[in-house]
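The values are calculated or read from the model by the stated rules, or taken from the named source; none is laboratory data. On a predicted model such as this, the values are computed, not experimentally measured, just so you know. Methodologically, a virtual Cβ is constructed for each residue, glycine included, from the backbone with ideal geometry; neighbour enumeration extends over all protein chains shown. Areas reflect the complete protein model, heavy atoms only, side chains present, ligands, DNA and RNA absent. Shrake-Rupley method; radii C 1.70, N 1.55, O 1.52, S 1.80 Å.
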Amino acid sequence: MLKIENLHKTYKKSIALDGFSCELGRGIYGLLGPNGSGKTTMMRCICGLISYNSGSIECGGDKIGYLPQQFGMMKALTLYEMMEYFATLKRIPKAEQDKEIKSCLELVNLSDKARSRVGSLSGGMVRRSGIAQAILGDPKIILFDEPTAGLDPEERMRFKSLLKKIKDGKTIIISTHIVSDVEAVCGSIIIIDRGKNIFTGSSREMAELARGKAYLIEEGRESSLSGNFYIKDRISRDGKSYLYVLSDSPVHAAARAESGGGIEDGYLCALKNI
Amino acid sequence: MFRQNFRLFVKNKRVFVPALLLLLYVTGYLVYLCVRYTIYSIPHTHFLQEALKNCFPAFIVLFYTSYELFYLPEGANAKEALFSHRDARGRIFGGMSAVICLIPALLFLITAALNIIYCALAGISDGSYYLYFISMLFLYFFLGGIIPIFIGALFSQKFKRVSSYALAALIIFVLSDISDFLPGSISNMTEINFWPFKYIFAYILPSDVNWGMVSEYGWGCEIYRWNIVLFWIFLLGFLLLRLCRLKSKGIRLASGAIVLAFIAASFVGFIRGGSHIELGNQFDSDSMESHFYNKHNVPKTKTADFKVDNYDMKLNIWRQLEADITMSLSKKSLDKYDFTLFHGYKVNRVSDENGNELRFDREGDYLTVYSSGKLSSLNIKYGGYSPVLYSSSQGCILPGCFPYYPIPGFYDFLLNACYMPICDLDKARFEIAVDSPRRFYSNLDEGSNKGNSFSGESSCPTLISGFYKEDSAFGHKVIGTTAYGSKAPAIDGNYAAELQALINKYSSGASIDLSKYTIIDSLAIANGIYNSANGLIYLCDDLIIINSALGGDARDGLARDIIEADKKGFKEYITEIKRQEDEETRRLLAELY
């Protein structure tokens, strides 16, 4: 259980978190938000990397595992030695370290690389080893900050299946701006914008936000748009050029209404207050 | 965490190799010197000097090693993953610090072991000398070595590489002798002593290791040096502690408060200062003493209207001389009492036998106490030191011919960079109690209380401590230095007997019985008090102070000088020597121009 209440964090000139609150039970949560919305700041606050100005974070004494956005390891050590370093930091008893390390490396499919120097591992392997260190010691709360960044499609698939393997009894937060990643694995989604929680719900509930708000209008007829709207895309159809628009007001009859987009449209509606 | 960090350290060649090379270099160089100096019978002080010179390169390597090791998590992008665990910063910094502190610990152990071996081979048996150099090596190699480690750790968390190394270069510049011109020039221009600002940094490393050492004193390892090294360790430790971001507020506040208290205590200790030797043009050095005399002192001469029958002296010699002296006066009804007391001692209080404070004037080396009526005894409290005739817990040379105690009358004892001995002083009875961690030696008899208390009648109550020993073979009381060990001829009863034989050989008629005298052999006093070319520094009824370091034919000359001084009186003898020397100087100058 993770409870965040009214979290405020300001840097010198900017507000990173502006009264962020949420209550998370067990399960996988997708933390969505544009760049600079406060996702990483919030994760850093949760795991104690940075202090916050006010508010509270309660994790009920659960251990926290964290994969930062930029993850690297000491190149001179072997993967096993590096994991040992993390295991000691996590205060895993010495007698259990070997077993724990081996099982984590197996989960991320890096058992055969245990004796390889970290410097010789590929970018994807380093990322996977980052995941391994995050899940080491069986933490009940796991924070993944942009876990799939830099991974090839195969690695992404592997990551998703890994999440399914470890999710039981855990609170897992995946911070990302790739909406499709969230859709596939996350039971719940939190949208953060300018340091505020603007949406919490399931992926279906998020998709619902866009229901009846998506339109295709011919290019050049933008003047018919009113209220809050957002031009998401340009589409060519039947030799004509159309704009894919999300709008909270009914669009002129000349436009063709779409039945409503998926989770991505819902995300945009939440962000643009449509 | 130690094991993991040690592995990390050893596996990072860029960090490990320089540290290993430093250890190998220091060990190899000292082993080579140990063999070479033993073959050539070079005194241990020279070996110690060479060992101390390694502190400077060690400082640089330790900074580099520390910076690079602490920078590893940052450089490898592993900082966030590592520091996200509870109290991880503290544990990682602690582990890494412990690993790097192995280097100064090893440097200290290697250097101390080789110095002990060298001393043992040289036949030095003075335990206090061993204790001195081991504690000094601990101060400069181990404690001093922690400072660059902490600086490196701090810089690694605060600055990028270029800025860090630029700042480190600046620090090294400030620490080293190269920057001496800055406080030197500013002090000379403004007459304000800027050296203490330099010392705040410079005393992290041993001072003056490029100069010749005074063997009875050794290289500076005074209390205030410990204070400043500890001050830096605590200050940097405090900043590191803040970086550790301990989760528990209670521990954070408590540890912060304790460390702050240590910082304040260490700095106050440093500010309190104390007696030390500074070679060169520093404000406290002997050359600055001559500067003082040339600029500020107006020499006076006056025969006293009174005598002091009895001196009861309570001396505290830790950081510097702190004296509480009660004098019984021969004349009770004078309006004023004139004394000569070295200007380095600040008079704090003068009072009569009832404890009533008395008015006094202090002008350079002179003290005048005003009395309004009958005065049978006088109490004077003062403290300070001379940069030449030092007095600290490390060592002390206070010859009775130097006004470290109030001498009745005004005497002009100034001379460039050293002092003329004050001669023909009246005998008085002395009761002296010295509070100091070191053993003291004197021409006076040891008191019944033992433990640095002396009593007796003398015109030259001399106190010395440092690396000395006393020998009483053949009925002579001889006090000589121990720092040379068996490498130099022993200054003991045998030496006195040989000197006696020479005196007997050269004296015609009246013979001098050396067993009536205490013989003190001191190069340090020779450096501070004007003396003859053959090493006779002072001679009075019960004391002969000599400098045996001249060696060679000087012993014959010394025997002749003792005979001459005894015949003429020492004042006449030394005045004549000075007159001849001045004439010679004038002649040489005339030849030149």
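In Å², what does the accessible area per residue of segment B:309-374 work out to with a 1.4 Å probe? Intermediate results must be reported in sequence, preceding the final value.
Details: 3150 Å² over 66 residues.
Accessible area per residue: 48 Å².
Which order do the peptides B:260-272, B:346-358 come out in when sorted by mean C-beta neighbours inside 10 angstrom, highest first? Write down the numbers at each step before the final one.
On the way: B:260-272: 15.5, B:346-358: 13.7.
With the highest mean Cβ count within 10 Å placed first, the list reads B:260-272, B:346-358.
Interface B/A, total buried accessible area with a 1.4 Å probe, nearest 100 Å²? List each step's numbers first, then the result.
Details: alone 26050 and 13690 Å², together 37310 Å².
In total, this chain pair buries about 2400 Å².
Which pairs in the list A:213/A:272; A:140/B:158; A:196/A:232 are over 21 Å apart, alpha-carbon to alpha-carbon? All intermediate terms of the calculation are to be shown ahead of the outcome.
Details: A:213/A:272 12 Å; A:140/B:158 33 Å; A:196/A:232 23 Å.
In this structure, A:140/B:158; A:196/A:232 lie more than 21 Å apart at Cα.
Give me the angle, in degrees from 0 to 90, between the Cα long axis of helix B:249-272 and the longest principal axis of the Cα atoms of chain B, rounded to the nearest 10.
The two axes meet at around 30 degrees.
All other residues with a Cβ under 12 Å from the Cβ of residue B:30 taken together, and with Lys, Arg as +1 and Asp, Glu as -1, what is their net charge?
Numbers: positive: B:36, B:53; negative: B:50.
Computed value for this residue: +1.
If I fit a long axis through the Cα atoms of helix B:181-190 and take the longest principal axis of the Cα atoms of chain B, what angle between them do I get, 0 to 90°, rounded to 10?
50 degrees
Near the amide H of residue A:78, under 5 Å away, which other amide H atoms are found, from residues 5 or more places off or on another chain, if H is placed in the peptide plane?
A:118
With label points built 7 Å along Cα→Cβ from the Cα atoms of residue B:592 and residue B:457, find their separation and express it in nm.
4.9 nm
Evaluate the distance, in nm, between pseudo-label points positioned 7 Å from the Cα of residue A:248 and of residue B:446 along their respective Cα→Cβ axes.
9.9 nm
Grab the beta carbon distance between residue B:120 and residue A:122, set R0 = 51 Å, and tell me the FRET efficiency rounded to 0.05. Present the calculation step by step, with values, prior to reporting the outcome.
Numbers: r = 59 Å, r/R0 = 1.16.
The computed FRET efficiency comes out at 0.30.
Divide by every residue of the protein assembly as shown the summed helix terms, -39500 (n - 2.57) for each DSSP H run of at least 4, and state the resulting mean residue ellipticity at 222 nm, rounded to the nearest 500 deg cm²/dmol. Walk me through the numbers on the way to the answer.
Values: 27 runs with 362 residues, N = 867.
Here the helix-only value at 222 nm equals -13500 deg cm²/dmol.
To the nearest Å, what is the center-to-center distance of segment B:1-63 and segment B:112-172, using C-alpha atoms only?
Centre-to-centre (Cα) distance: 10 Å.
Please sort B:224-232, A:88-96, B:467-475, B:248-256 by packing, taking for each peptide the average over its residues of neighbouring beta carbons within 10 angstrom, highest first.
Details: B:224-232: 22.3, A:88-96: 14.7, B:467-475: 17.6, B:248-256: 12.0.
Packing order, densest peptide first, comes out as B:224-232, B:467-475, A:88-96, B:248-256.
Tell me the angle of helix B:554-568 to the major Cα principal axis of chain B, expressed in degrees between 0 and 90 and rounded to the nearest ten.
40 degrees
Hey, can you grab everything whose amide H is under 5 Å from the amide H of residue B:390? Only 5+ residues off in sequence or another chain; H modelled, so Pro and N-termini drop out.
Hits under the 5 Å cutoff: B:397.
Residue by residue, what Karplus-based ³J(HN,Hα) values in Hz, rounded to whole numbers, does segment B:38-50 have, using 6.51, -1.76 and 1.60 with θ = phi - 60° and x for Gly and Pro?
My calculation for segment B:38-50 gives 5, 4, 8, 6, 8, x, 4, 4, 5, 5, 4, 4, 5 Hz in order.
Please compute the average number of Cβ atoms from other chains found within 10 Å of each residue's Cβ in peptide A:85-98. Each step should come with its number before you reach the end.
Values: counts 10, 6, 1, 9, 13, 3, 4, 0, 0, 1, 0, 0, 0, 0.
The shielding value for this peptide is 3.
Excluding residues on the same chain fewer than 8 positions from residue B:381, give the lysines whose Cα lies under 17 Å from its Cα.
Counting by Cα, and skipping residues close in sequence, residue B:381 has these lysines nearby: B:314, B:346.
At a 10 angstrom cut-off on C-beta neighbours, averaged per residue, how do the peptides B:197-209, B:321-333, A:210-222 rank from highest to lowest? Mind dumping the intermediate values first?
Values: B:197-209: 20.2, B:321-333: 18.5, A:210-222: 16.9.
Ranked by mean Cβ neighbours within 10 Å, highest first: B:197-209, B:321-333, A:210-222.
Sum up the charges of everything whose Cβ sits under 15 Å from the Cβ of residue A:176, counting Lys and Arg as +1 and Asp and Glu as -1, but leave residue A:176 out.
Taking every other residue near residue A:176 into account, the sum is -3.
I want to verify the translational diffusion coefficient of segment A:71-213 in µm²/s; compute it with Stokes-Einstein, Rh as the Kirkwood radius over Cα pairs, at 10 °C and 1.306 mPa s. Before the final figure, lay out the partial values.
On the way: Rh = 16.5 Å.
Stokes-Einstein gives a translational diffusion coefficient of 96 µm²/s.
Report the Rg/Rh value for the protein assembly as shown, based on alpha-carbon coordinates and the Kirkwood definition of Rh. Present the calculation step by step, with values, prior to reporting the outcome.
Values: Rg = 40.2 Å, Rh = 33.6 Å.
Looking at the protein assembly as shown, the ratio lands at 1.19.
Dipole magnitude of segment B:108-266 about its Cα centre, charges +1 at Lys/Arg Cβ and -1 at Asp/Glu Cβ only, in debye to the nearest 20? Let's see the in-between values first.
Numbers: 10 positive and 7 negative charges, 275 e Å.
I would put it at about 1320 debye.
Would you mind calculating the relative contact order of chain A from Cα pairs under 8 angstrom and at least 6 residues apart, reporting the percent as a whole number? Walk me through the intermediate numbers first.
Numbers: 546 pairs, mean separation 58.7, N = 274.
With pairs under 8 Å counted, the relative contact order is 21 percent.
Can you compute the charge dipole magnitude of segment B:10-152 about its Cα centre, using +1 on each Lys and Arg Cβ and -1 on each Asp and Glu Cβ, nothing else charged? Give it in debye, rounded to the nearest 20. Present the calculation step by step, with values, prior to reporting the outcome.
Working: 9 positive and 6 negative charges, 69 e Å.
It comes to approximately 320 debye.
Extending each Cα 7 Å along its Cβ direction at residue B:242 and residue B:368, get the distance between those two points in nm, one decimal.
5.5 nm
Using a 10 Å cut-off around each Cβ of peptide A:36-49, what is the average number of partner chain Cβ atoms that fall inside? Kindly include the intermediate steps, with their values, before the conclusion.
Values: counts 0, 0, 0, 0, 1, 0, 0, 2, 3, 0, 1, 6, 8, 9.
Per residue, the average neighbour count from other chains is 2.
When the dipole is taken about the Cα centre of chain A, and only Lys, Arg (+1) and Asp, Glu (-1) are charged at their Cβ, what size is it in debye, to the nearest 20?
On the way: 39 positive and 33 negative charges, 122 e Å.
In total the dipole reaches around 580 debye.
What is the mean number of Cβ atoms from other protein chains located within 10 Å of the Cβ atom of each residue in peptide B:91-103, rounded to a whole number?
Values: counts 3, 3, 0, 0, 3, 0, 0, 0, 0, 0, 0, 0, 0.
For peptide B:91-103, the averaged partner shielding equals 1.
For a distance above 16 Å, tell me the whole-number percent of Cα pairs in segment A:78-117 that qualify.
26 percent
Sequence neighbours fewer than 8 away in the same chain don't count; with that in mind, list the lysines whose C-alpha is under 21 Å from residue B:571.
List returned: B:300, B:302, B:307, B:427, B:516.
Excluding residues fewer than 8 places away in the same chain, name every one of the aspartates and glutamates whose C-alpha is closer than 20 Å to that of residue B:160.
B:68, B:74, B:80
Along the positive direction of the dipole of chain B (beta-carbon charges: Lys, Arg +1; Asp, Glu -1; about the Cα centre), which of B:230, B:536, B:243 reaches farthest?
Checking the options against the dipole of chain B, the answer is B:243.
Check segment A:1-137 and count each lysine pair with an alpha-carbon distance under 19 angstrom, considering only pairs eight or more places apart or from different chains.
Lysine pairs meeting both conditions in segment A:1-137 amount to 14.
Work out from phi, with θ = phi - 60° and the Karplus expression 6.51 cos²θ - 1.76 cosθ + 1.60, the ³J(HN,Hα) of each residue of segment A:3-8, listed in order in whole Hz, and give x for Gly and Pro.
10, 10, 10, 6, 7, 10
By how many nm would the segment from residue B:17 to residue B:182 lengthen if fully extended, with 0.36 nm per residue of separation less the alpha-carbon distance?
Result: 55.8 nm gained on full extension.
Any chance you could get the radius of gyration and Dmax over the Cα atoms of segment B:14-120, in Å?
18.0, 60
Over segment B:88-173, what relative contact order in percent results from Cα pairs under 8 Å that are six or more residues apart?
Relative CO of segment B:88-173 lands at 41 percent.
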